[in-house]
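Let me begin by presenting the structure, written as structure tokens, before commenting on it.
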Amino acid sequence: MSLTAERLDRIQPSLTIAISTVARRMIAEGKNVISLSQGEPDFDTPRNIKDAAIRALEAGETKYTDVAGTRVLRRAVATKFARDSGIEYKPEEIIISTGAKQVLFNAMLGTLNAGDEVIIPSPCWVSYPDIVTLADGKPVLVPCGQNHGFKLRAEDLEAAITPKTRWFMLNNPCNPTGAAYSADELKPICEVLMRHPEVWVLTDDIYDKLAYDGFRPGTIVAVEPRLKERTLTVHGVSKSYAMTGWRIGFAGGPVALIKAMDKLQSQSTSNPNSIAQAAAVEALLGPQDTVEAMRLVFEQRRDLVVEMLNLAPGINCSTPDGAFYVYPSIHGCIGKTSKGGVAIKDDEAFALTLLAEEGVATVHGAAFCYPGYIRISYANATEELREACVRIQRFCQGLH
């Protein structure tokens, strides 16, 4: 008899975390490695947010809270959604979880029955398909090519919907590509969804404050308010506020769905960390100038990385609209051999050989359900990024 359940055989460990773990091990062994594999800002959590956590500790806010989060934080989240997205939510329409990943897991496990389909544009974040699979659902991947800006077309969404479709899942801006949809670009997608009232919508907007060149990402409910009663708007503090380790994600949605997610969470983690919740209140309601300061640095880093990668033979890198990732094509490198004699037969071989020979950790495109590419996070220090790009150029120049 196997120790583990069959459902675990249907998924794999997060490949972004796995590659970051290898990179950390190589660094611990004394090797010179630059890891561009994990989406984590190099900035420290802003001082005012840390001070709020310290005040909460000193005030004894160390007890259990409501499973769905403190009412103070749920009101703060409602204020954030109204201020930044133009969506009105009541506190009872909000849930706080241990990171946005738990929000997604709660939503899928709480609503999917065996065989229910979830439409996911690809390239997509590594965890989306596996979370759906763990919930006994079926991920339906809709390829979105570089020639279309890695964005879903309305006609492709329409073609993917079947009587078994339960959810449509959209990440805007997108991890791994950085592609983002404006309000105008979301309108035809919303029109399709309005024709299919049985399909629920999950929009993961966690990177929406990190957009560049004056671009403003749209969000489903703001574009089509009639979809509010079947839309879950997901967000969190990890990316924009440099709070990855604090583990606070949240979502707004219909009360019945939020109650179902609350019920599930009550039997898993219960409430999120009470101190992190207090810090998140300050993040959302306190001064927002640090968000803009970080965004400006990310924009400069994006421009540097795109320019340098496009000088590497065999690489074609589009300029993303948001998040802090680039997703360059490495098709021009596949089929060649590295200086060390390794055959670059696919994107995984490229990523592994680049790590072994030049000490640069990236994530291969197959991990994001779209091979032939690699994902690079530019959330590292600028000089690290510059050196990493020099190494990538050297690696590509050495291919023959």
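The values are calculated or read from the model by the stated rules, or taken from the named source; none is laboratory data. Keep in mind the model is a prediction, meaning the values are calculated, not measured. Reconstructed Cβ throughout: ideal geometry from the backbone, glycine too, with neighbour counts over all protein chains shown. For accessibility, only protein heavy atoms count, side chains too; no ligands or nucleic acids. Shrake-Rupley method; radii C 1.70, N 1.55, O 1.52, S 1.80 Å.
In the range 342-365, of all residues being out of contact with any His (no Cβ under 8 Å at 6 or more places or on another chain) and among the charged types (D, E, K, R), the one that is farthest from Tyr378 (Cα to Cα) corresponds to Lys345.
For the range 314-345, residues that are open to solvent by less than 20 Å² (accessible area, probe 1.4 Å) and either small (Gly, Ala, Ser) or more than 22 Å from Tyr370 (Cβ to Cβ) (or both) total 4. In the set (1) in contact (Cβ under 8 Å) with a residue 60 or more places away in the chain; (2) open to solvent by 30 Å² or more (accessible area, probe 1.4 Å); (3) in a helix (DSSP H, G or I), the condition left unmet by Lys209 is number (3).
Condition first: small (Gly, Ala, Ser), in contact (Cβ under 8 Å) with a residue 24 or more places away in the chain and assigned to a helix (DSSP H, G or I). Now tell me which residues in the range 349-363 satisfy that. Residue satisfying the conditions is Ala351 alone. In the condition set (1) closer than 19 Å to Ala361 by Cβ; (2) open to solvent by 30 Å² or more (accessible area, probe 1.4 Å), Leu311 is compliant with all but (1).
In the range 362-396, of all residues being over 22 Å from Cys144 (Cα atoms) and within 17 Å of the chain's Cα centre (by Cα), the one that is most open to solvent (accessible area, probe 1.4 Å) corresponds to Asn380.
Look at Val140 and say whether it is surrounded by fewer than 22 Cβ atoms within 10 Å (Cβ to Cβ), within 20 Å of the chain's Cα centre (by Cα) and of a type in the set (Val, Ile, Thr). In short, yes. Being open to solvent by 50 Å² or more (accessible area, probe 1.4 Å) and either closer than 18 Å to Lys239 by Cα or of a type in the set (A, V, I, L, M) (or both) is a property that Arg195 lacks. Of all the residues in the range 20-41, those that are modelled with pLDDT under 85 and either touching a strand residue (DSSP E or B) at 6+ places or on another chain (Cβ under 6 Å) or crowded, with 19+ Cβ neighbours inside 10 Å (or both) number 2.
Per the listing Val281, Val306, Val297, the residue uniquely touching a Pro at 6+ places or on another chain (Cβ under 9 Å) and part of a helix (DSSP H, G or I) is Val306. Restricting the range 87-109 to residues that are touching a helix residue (DSSP H, G or I) at 6+ places or on another chain (Cβ under 8 Å) and over 16 Å from Leu257 (Cα atoms) leaves a set whose member that is most open to solvent (accessible area, probe 1.4 Å) is Glu88.
Which of the following residues is in contact (Cβ under 8 Å) with a residue 24 or more places away in the chain, more than 15 Å from Lys259 (Cα to Cα), in contact with a helix residue (DSSP H, G or I) (Cβ under 9 Å, 6 or more places away or on another chain) and open to solvent by less than 70 Å² (accessible area, probe 1.4 Å): Asp84, Asp44, Asp116? So the residue among Asp84, Asp44, Asp116 that is in contact (Cβ under 8 Å) with a residue 24 or more places away in the chain, more than 15 Å from Lys259 (Cα to Cα), in contact with a helix residue (DSSP H, G or I) (Cβ under 9 Å, 6 or more places away or on another chain) and open to solvent by less than 70 Å² (accessible area, probe 1.4 Å) is Asp116. When the criteria are applied in full, Thr177 fails the requirement of being out of contact with any Phe, Trp or Tyr (no Cβ under 8 Å at 6 or more places or on another chain), polar (S, T, N, Q) and touching a residue at least 12 places away in the same chain (Cβ under 8 Å). Of all residues in the range 267-294, those that are at negative phi have Cβ atoms under 7 Å from Cβ atoms of residues that are of a type in the set (D, E, K, R) and open to solvent by less than 10 Å² (accessible area, probe 1.4 Å), 6 or more apart or on another chain, in Leu284/Lys80.
Looking across the range 58-78, the residues that are open to solvent by 70 Å² or more (accessible area, probe 1.4 Å), in a helix (DSSP H, G or I) and either in contact (Cβ under 8 Å) with a residue 40 or more places away in the chain or farther than 22 Å from Gln267 by Cα (or both) come down to Glu58, Val72, Arg75. Tell me, yes or no, whether the range 175-191 has at least one residue that is among the small types (Gly, Ala, Ser), surrounded by fewer than 19 Cβ atoms within 10 Å (Cβ to Cβ) and not in a loop (DSSP other than H, G, I, E, B). Yes, because at least one residue in the range 175-191 is among the small types (Gly, Ala, Ser), surrounded by fewer than 19 Cβ atoms within 10 Å (Cβ to Cβ) and not in a loop (DSSP other than H, G, I, E, B). All told, Ile17 meets the bar of being over 27 Å from Thr219 (Cα atoms), open to solvent by 40 Å² or more (accessible area, probe 1.4 Å) and assigned to a helix (DSSP H, G or I). Could you tell me whether any residue of the range 149-165 is assigned to a strand (DSSP E or B) and of a type in the set (D, E, K, R)? Among the residues of the range 149-165, not one is assigned to a strand (DSSP E or B) and of a type in the set (D, E, K, R), which makes the answer no.
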